[in-house]
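For reference, the structure is listed below as structure tokens.
The values are calculated or read from the model by the stated rules, or taken from the named source; none is laboratory data. Note that the structure is a prediction, hence the values are computed from the model and not measured. Every residue, glycine as well, gets a Cβ built from its backbone with ideal geometry; the counts of neighbours run over all protein chains shown. Calculation scope for accessible area: heavy atoms of the full protein, side chains included, ligands and nucleic acids excluded. Shrake-Rupley method; radii C 1.70, N 1.55, O 1.52, S 1.80 Å.
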Amino acid sequence: MDAFYLEIAMRVSGGAEGLEQYLDHVLEQLLVDDRATDPDYVASLADGRVEFALTVTAPDQGEALAEAIEIVHTALRAAEAEGPGWESRFQETQSLVRSAVA
């Protein structure tokens, strides 16, 4: 098993009102997920771009990407209790995967 660093970027539709608070709840969910190491996010509230970054352990890049997408999706859904309807507003997913070992 190897460590992989991933960035998963998305665009949020429907405006930025409440986005930062919702993303903070998503980050809380990512921080308690043992499958993710050093999760974080950056967001441009003006244009609704959000990028999650995390490291996962997996046998290869494909498995790492699948694991990371599941982790982020789980966090988005878990944070729904804090702001119903948000998870459905995330679209246009893009990703980057690379070895976490420099």
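Summary table
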read-out: Which listed residue, of SER13, SER99, is loosely packed, with under 13 Cβ neighbours inside 10 Å, touching a strand residue (DSSP E or B) at 6+ places or on another chain (Cβ under 9 Å), of a type outside the set (Lys, Arg) and at pLDDT 90 or above; value: SER99
read-out: Residue in segment 71-86 that is more than 14 Å from the chain's Cα centre (by Cα), of a type in the set (D, E, K, R) and surrounded by fewer than 12 Cβ atoms within 10 Å (Cβ to Cβ) present; value: no
read-out: Where GLY62 falls short, out of the listed (1) among the small types (Gly, Ala, Ser); (2) free of Cβ contacts under 8 Å to residues at least 12 places away in the same chain; (3) under 16 Å from LEU30 (Cα atoms); value: (3)
read-out: Test: residue in segment 26-37 that is of a type in the set (Lys, Arg) and within 14 Å of THR93 (Cα to Cα); value: no
read-out: Criterion violated by SER44 - all others in (1) farther than 16 Å from VAL101 by Cβ; (2) touching a Ser or Thr at 6+ places or on another chain (Cβ under 8 Å); (3) among the hydroxyl-bearing types (Ser, Thr, Tyr) satisfied; value: (2)
read-out: Single condition GLN21 does not satisfy, out of (1) open to solvent by 40 Å² or more (accessible area, probe 1.4 Å); (2) free of Cβ contacts under 8 Å to residues at least 60 places away in the same chain; (3) out of contact with any strand residue (DSSP E or B) (no Cβ under 9 Å at 6 or more places or on another chain); value: (2)
read-out: In segment 87-96, the residues that are open to solvent by less than 60 Å² (accessible area, probe 1.4 Å), in contact with a helix residue (DSSP H, G or I) (Cβ under 8 Å, 6 or more places away or on another chain) and touching a residue at least 40 places away in the same chain (Cβ under 8 Å); value: PHE90
read-out: Segment 42-70, subset touching a Leu at 6+ places or on another chain (Cβ under 8 Å) and within 14 Å of ARG11 (Cβ to Cβ), residue surrounded by the fewest Cβ atoms within 10 Å (Cβ to Cβ); value: LEU45
